[in-house]
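Participant: Once you've had a glance at the structure underneath, I'll fire off some questions.
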Amino acid sequence: MEHVIECKNLTHYYGDKLVLNDLNLSVEKGRIFGILGKNGMGKTTTINILMGFLRPTSGQCLVFGEESHKLSPATRQKIGLLHEGHLAYDFMTIRQVENFYSRFFPNWKADYYWDLMGKLGLSDNHKIKNMSCGQRSQVVLGLIFAQDPELLILDDYSMGLDPGYRALFIDYLQEYVREKNKTVFLTSHIIQDVEKVVDDTIIMGHQKLLLKMPLVALKEGFHRYEFRNQNAIGHIAADDKVVTNVEYVNDKVTLYSFKSLNDIKAHLKSLGISVSEIAEIPMTLEEAFIGLTGKY
Amino acid sequence: MLKAILYKEWIKLRWAVIVIAGLTVLSLAYSIGMINYYIEFQGAFTNWMYVIGKSLLLKNIVFVKVLPLITGLIFGLLQFVPEMTRNRMRLSYHLPINEKKLLLASVGFGYMFLLAEILFLFFGLWLVVSMSYPAEVIQKVLMSTLPWFLGGSAVYFLTAFIILEPSWIYRLIYGVVTYGLVELNFRASTYDQYVGLWVFVLIVAVMPLTVLFAGHRFRRGTK
């Protein structure tokens, strides 16, 4: 399978502080990847390395086969970047920014841009700096679509957007990506939105990749079990190949695992914990994310 | 692509270009008035003594000292502060164009506008002085103002360099060096104080390269 992004043994330090430790990651062509991780887990560092704005301490990150910090102009032409905060040349107007970008991309599809701008109902001479964050997000998305890139990297696209603009963003993105078979690598703090659009999830833990798998496989294969037993408190180890995470609240024990209910029961029995009633509780992606990474 | 960069820089600078050109016209008109006033007031002979002996003309055209300096500073700020605010330079760095070409084109076009303003001022000054004085005086005045024009050019490139530099400590150090370097060009208040002018021309000629250095540090993610 062709890899659009391939990071090998990525390690990065800020001074003495280790942020990424031997991270390996690959992104296959034509799929939508959502990278999730709590603050301080190295998500932004990974994105910055991927975008070529940070050189890793060791290891390498290849985008279309080229090292991300020295991408050729031809390769940059194939990548649509959405920077955190919907960064744009806000000293330009709607028309000026289109005029500017169109000269850099031979496959420029102006219709995509003007279609989105038409929905904003603003004059072509409206300055970007006078727009709301939501309006600006539409300008940036329109420019990326018009660029017609093969790979879209969207860094925290939901930041600052109200629910309406978030829904609009996701709707347009889904339509565009499905229709044109693009590869997307996105991050967001709004996991419910990620759930709607991604094929694969990448979850980052402290300095490392916790998992990378199709969303469907995660939703079907990752389970949450609950039971009550005062004697079990403190006796179940997380990350012991059966139990991924464990939480205790009074006598309630919550286990997160990729194993089936029978496997869990057998595991508890082997630990000498007798359980009369154990139930599987369905999870949203957000709950699964918390189950994997922990609440703290 | 270069046309697009020129377009972007023009959008940032156009109002400043127009305002500075307007100020230049006003300043030149003011000097015509001042020169005529001194000639009328002092009489031709005394005025001649002052012009030659006391470098009166240089004192009457103080705006020539200030305008290139201010223009260089304003153009540098207007071009590069928006790029560095919220790391907007990242947008430029993702454009499908060689990074060195992008940076050199940005400062090149900015300097082109600055040079246009400088030449406008220079020829305006030549015109104003030539209305009342002979060729020897014109030559003395114009040659004496060259370090100021050069100082304006240096201020432009070094402002761009300082703004593009990602580290505040480095910016501070560069700022002090810039002050020292540029101040040398503005010390003279009498004619013919341009010893070492050609050395400074060479220094200014390599200044665009400093922008590449700062741009490279930004690209590498230096904090």
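Every number in this text was worked out from the coordinates using simple rules, so none of it is lab data. Since this is a predicted model, take the numbers as computed values, not measurements. Glycine also receives a Cβ, built like all others from the backbone with ideal geometry; neighbour counts cover every protein chain displayed.
Participant: Taking N as the number of residues in segment B:1-52, what value does Rg over Cα atoms divided by 2.2 N^0.38 Å take? Walk me through the numbers on the way to the answer.
Facilitator: Values: Rg = 19.7 Å, N = 52, 2.2 N^0.38 = 9.9 Å.
This ratio for segment B:1-52 stands at 1.99.
Participant: Right, here's the next one. Once the principal axes of the Cα atoms of segment B:81-151 are found, what is the range along each, listed largest first in whole angstroms?
Facilitator: 55, 22, 17
Participant: Now for a separate question. Work out the charge dipole of segment B:2-219 with +1 on the Cβ of Lys and Arg and -1 on the Cβ of Asp and Glu about the Cα centre, then indicate which of B:Ile20, B:Val176, B:Ala105 is farthest towards its positive end.
Facilitator: Highest projection toward the positive end goes to B:Ala105.
Participant: Under a point-charge model restricted to the Cβ atoms of Lys and Arg (+1) and Asp and Glu (-1), what is the dipole moment magnitude of segment A:222-293 relative to its Cα centre, in debye to the nearest 20? Intermediate results must be reported in sequence, preceding the final value.
Facilitator: Numbers: 7 positive and 10 negative charges, 49 e Å.
Dipole magnitude for segment A:222-293 comes out near 240 debye.
Participant: Over all directions, what mean area does the Cα convex hull of segment A:113-213 project, stated in square nanometres? Spell out each step's value before the answer.
Facilitator: Working: hull surface 29.2 nm².
Averaging across all directions leaves 7.3 nm² for the Cα convex hull.
Participant: Right, something else. Using only Cα atoms, tell me the angle between helix B:168-183 and the longest principal axis of chain B; keep it within 0 to 90° and round to the nearest 10.
Facilitator: 20
Participant: Also, I was wondering about something else. Compare the Cα positions of A:Leu261, A:Ala237, A:Val63 along the charge dipole of chain A (+1 at Cβ of Lys, Arg; -1 at Cβ of Asp, Glu; about the Cα centre) and return the one farthest towards the positive end.
Facilitator: Of A:Leu261, A:Ala237, A:Val63, it is A:Val63.
Participant: Give me a comma-separated list of calculated 3J(HN,Hα) values for segment B:70-79, in order, Karplus coefficients 6.51, -1.76, 1.60 applied at θ = phi - 60°, integers in Hz, x for any Gly or Pro.
Facilitator: These are the phi-based 3J(HN,Hα) values: 5, 4, x, 5, 5, 4, x, 5, 5, 7 Hz.
Participant: Using a 10 Å cut-off on Cβ to Cβ distances, tally the other chain neighbours for every residue of B:82-89 and report the average as a whole number.
Facilitator: Values: counts 5, 2, 0, 3, 6, 5, 6, 2.
Going residue by residue through B:82-89 and averaging, the value is 4.
Participant: Another one. Size of the dipole of segment A:132-235 about the Cα centre, Lys and Arg at +1 and Asp and Glu at -1 on the beta carbon, nothing else charged, in debye to 20?
Facilitator: On the way: 11 positive and 14 negative charges, 70 e Å.
Once rounded to the nearest 20, the dipole reads 340 debye.
Participant: Could you give the spread of the C-alpha atoms of chain A along their three principal axes, from largest to smallest, in whole angstroms?
Facilitator: So the extents along the principal axes, rounded to whole Å, are 71, 42, 36.
Participant: Please list log₁₀ I(q)/I(0) at q = 0.06, 0.10, 0.12, 0.13 Å⁻¹ for the protein assembly as shown, using the Debye equation with identical point scatterers on the alpha-carbon positions.
Facilitator: -0.43, -0.88, -1.09, -1.20
Participant: Would you mind checking which residues have amide H under 5 Å from A:Leu152's amide H? H placed 1.01 Å from N; only 5 or more apart, or other chain.
Facilitator: Hits under the 5 Å cutoff: A:Gly80, A:Thr183, A:Val184, A:Phe185.
Participant: Further, regarding this structure: Enter the mean number of other protein chain beta carbons within 10 Å of the beta carbon of each residue in B:10-23, as an integer.
Facilitator: Working: counts 0, 8, 3, 0, 0, 0, 0, 0, 0, 0, 0, 0, 0, 0.
Mean inter-chain Cβ contacts per residue within 10 Å come to 1.
Participant: Now for a separate question. If the cut-off is 28 Å between C-alpha atoms, which lysines fall inside it for B:Lys3, apart from same-chain ones fewer than 8 positions away?
Facilitator: A:Lys70, A:Lys78, A:Lys109, A:Lys127, A:Lys129, B:Lys12, B:Lys100, B:Lys101
Participant: Taking the Cα centre of the protein assembly as shown as the origin, how large is its charge dipole in debye, to the nearest 20, when only Lys and Arg (+1) and Asp and Glu (-1) carry charge on their Cβ atoms? It would help to have the intermediate numbers written out before the result.
Facilitator: Numbers: 52 positive and 45 negative charges, 203 e Å.
Roughly 980 debye, rounded to the nearest 20.
Participant: Roughly what would the spin-label model give for B:Arg14 and B:Phe120, points 7 Å off Cα along C-beta, in nm?
Facilitator: Each label point lies 7 Å from its Cα, and together they span 1.5 nm.
Participant: Can you give the mean number of other chain Cβ atoms that lie within 10 Å of the Cβ atoms in peptide B:35-43?
Facilitator: Details: counts 0, 0, 0, 0, 0, 0, 0, 0, 0.
Mean inter-chain Cβ contacts per residue within 10 Å come to 0.
Participant: Given bins 10 angstrom wide, list per bin the percent of all Cα-Cα distances in segment A:67-145, short to long.
Facilitator: Bin by bin from 0 Å, the calculated values are 17, 52, 25, 6, 0.
Participant: Ranked highest first by average number of other Cβ atoms within 10 Å, how do B:158-169, A:178-189 line up? Please list the in-between numbers first.
Facilitator: Working: B:158-169: 20.1, A:178-189: 18.6.
The peptides rank, most packed first, as B:158-169, A:178-189.
Participant: Related question: Please list the equivalent ellipsoid semi-axes of segment A:3-64, computed as the square roots of five times the alpha-carbon gyration tensor eigenvalues, in descending order and whole angstrom. Display every interim value, and only then the final one.
Facilitator: Details: eigenvalues 77, 35, 18 Å².
Largest first, segment A:3-64 gives 20, 13, 9 Å.
Participant: Considering just Cα atoms, how many Å³ per residue does the convex hull of segment B:2-219 enclose?
Facilitator: On the way: hull volume 25.0 nm³, N = 218.
Per-residue hull volume (Cα only) is 115 Å³.
Participant: So what's the convex hull volume per residue for the Cα atoms of segment A:222-293, in Å³?
Facilitator: Working: hull volume 5.7 nm³, N = 72.
So the per-residue hull volume is 79 Å³.
Participant: In whole Hz and in residue order, list the ³J(HN,Hα) couplings for segment B:17-27 that follow from phi through the Karplus curve 6.51 cos²θ - 1.76 cosθ + 1.60, θ = phi - 60°; x for Gly and Pro.
Facilitator: Here the 3J(HN,Hα) series is 4, 5, 5, 5, 4, x, 5, 4, 4, 4, 5 Hz.
Participant: Give me the tail of P(r) for segment B:120-193 as a percent: Cα-Cα pairs with distance above 20 Å. Don't jump to the answer; show the numbers that get you there.
Facilitator: Numbers: 1220 of 2701 pairs.
Beyond 20 Å sits 45 percent of the P(r) for segment B:120-193.
Participant: Based on the mean of other beta carbon atoms within 10 Å per residue, what is the order of B:19-29, B:99-109, A:117-127, most packed first? List each step's numbers first, then the result.
Facilitator: On the way: B:19-29: 15.7, B:99-109: 19.5, A:117-127: 13.2.
Ranking, from highest mean packing down: B:99-109, B:19-29, A:117-127.
Participant: Can you tell me how segment A:8-161 classifies by the Cα gyration tensor, rounded, prolate or oblate, using a/c under 1.5 as the rounded cut? Please list the in-between numbers first.
Facilitator: Details: a/c = 2.38, a/b = 1.76, b/c = 1.35.
Prolate.
Participant: Could you order peptides A:206-212, A:245-251 by the average number of other Cβ atoms within 10 Å of their residues, highest first?
Facilitator: Working: A:206-212: 17.0, A:245-251: 14.0.
Taking the mean over residues of other Cβ atoms within 10 Å, the ranking is A:206-212, A:245-251.
Participant: Could you work out how far helix B:208-219 tilts from the main Cα principal axis of chain B, as a 0 to 90 degree angle to the nearest 10?
Facilitator: On a 0 to 90 degree scale, this one is about 30.
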